[in-house]
Amino acid sequence: MPPNPPGFSTRIEFGNELLNPVGVYSNAIGAMSEWSREAWNSEFTGTIGVLDTRLNIAIRCVEIVQSKKRSSMQMGYVLLGLQSGVVAMAERNQFQELVVFLQYQGVVQGVVEFTRGLRSDVALNSSNSSSVLRRRTQDNINSLTQDSGQVYDMDPKYHWLSIDWSFEGRSILASEVFTTILDAMINTASQKPDAERSYVYGVSSSGNTAFNIHSLSYTPPGARKLTNDLIRESLYLIARYIFIKERKFLETEFTVSSFRKKIAEGFFMKISDLQGNQTGSTAIEKRNMARRIATSPKICH
């Protein structure tokens, strides 16, 4: 996860209305996937939002202009605020309406709001807002079993992308899985979408779970290279159409294919107790250890 931009900070306030945890995770990952298509340093103005009427969750970001000293609000601020809101709910196991204040040098530049969908006034029809995220995948029913399967991306831009996956090993808390995915998404969003990556990692907010995706040493002719936007799309598919669809949260191994040619592989791994008793370790210490494991040369190269 990149450091906060200089002068940027967040402040969080919880409301009273309860939210569906699955809806929070699903919509936050959908929003992160859509909003991170914009450049990290690009200026954000106006309002942007996503609404899921089925799970009754809305997430929106609104620019606030209240000071002549304000600097332009960057898209990176929005994505960091989105992540901060989910982490705050997950760490407290407190899924309620929430506002994340996006501050620059102590001055509020905007807010990210998590609300009940039916109470929201998200401007879904405005030009810079995204509507309900449509289903973009097709499951291979013939190969799908209880613990493994294959997912194809039906988005025209990524029609060549598919993921083979299998649940392996120990169970993982849902909060661990989703905060790990958001951390990895932030790691891709902070760089150019078409930049090639040899690997990307993510670590849960507690440091108990790590994610890694790494390219193979050889890319087959005609296949796409592993890039930030491809990794972001893969994370979206894994979250929405493996973990959420199956309602199971276990250590997972997967491979990513381009035009049916394997180009990358990766895993979700439970770190706690992997290297001895961590009872006395802080979340920061656990995250540092998880980062070392997820970026091990034996794994990434």
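The values are calculated or read from the model by the stated rules, or taken from the named source; none is laboratory data. All values reported here derive from a predicted model rather than from experimental measurement. So basically every Cβ, Gly included, is an ideal-geometry build from the backbone, and we count neighbours across all protein chains shown.
Structure notes:
- Every test in (1) within 23 Å of Asn20 (Cβ to Cβ); (2) crowded, with 18+ Cβ neighbours inside 10 Å is passed by Ala174 save one, and that test is (2).
- Filtered residue count, region 157-178, keeping only those that are under 18 Å from Asn228 (Cα atoms) and either of a type outside the set (Val, Ile, Thr) or assigned to a helix (DSSP H, G or I) (or both): 6
- Residue in region 74-93 that is more than 27 Å from Ala195 (Cβ to Cβ) and in a loop (DSSP other than H, G, I, E, B) present: yes
- Any hit, region 229-244, residues being modelled with pLDDT under 90 and surrounded by fewer than 24 Cβ atoms within 10 Å (Cβ to Cβ): no
- Index of the failed condition, Gln191 passing every other in (1) outside any helix (DSSP H, G or I); (2) in contact (Cβ under 8 Å) with a residue 60 or more places away in the chain; (3) buried (at least 17 other Cβ atoms within 10 Å of the Cβ): (3)
- Unmet requirement for Tyr158, which otherwise passes all of (1) surrounded by fewer than 23 Cβ atoms within 10 Å (Cβ to Cβ); (2) among the aromatic types (Phe, Trp, Tyr); (3) within 28 Å of Gly85 (Cα to Cα): (3)
- Hey, Ser171 touching a residue at least 40 places away in the same chain (Cβ under 8 Å) and touching a Leu at 6+ places or on another chain (Cβ under 7 Å) or not: yes
- As a summary of the residue check, Ala223 satisfies the conditions (1) within 19 Å of the chain's Cα centre (by Cα); (2) assigned to a loop (DSSP other than H, G, I, E, B) except for the one numbered (1).
- Members of region 242-271 that are within 18 Å of Ser204 (Cβ to Cβ) and of a type in the set (D, E, K, R): Lys248, Glu251, Glu253, Lys270
- Ala28 being touching a residue at least 12 places away in the same chain (Cβ under 8 Å) and under 22 Å from Asn228 (Cα atoms): yes
- Of the numbered criteria (1) touching a Ser or Thr at 6+ places or on another chain (Cβ under 6 Å); (2) closer than 26 Å to Gln74 by Cα; (3) modelled with pLDDT of 95 or more, the one Asp164 fails is (2).
- Inclusion of Arg197 among residues that are free of Cβ contacts under 8 Å to residues at least 24 places away in the same chain and under 27 Å from Ala90 (Cβ atoms) is not warranted.
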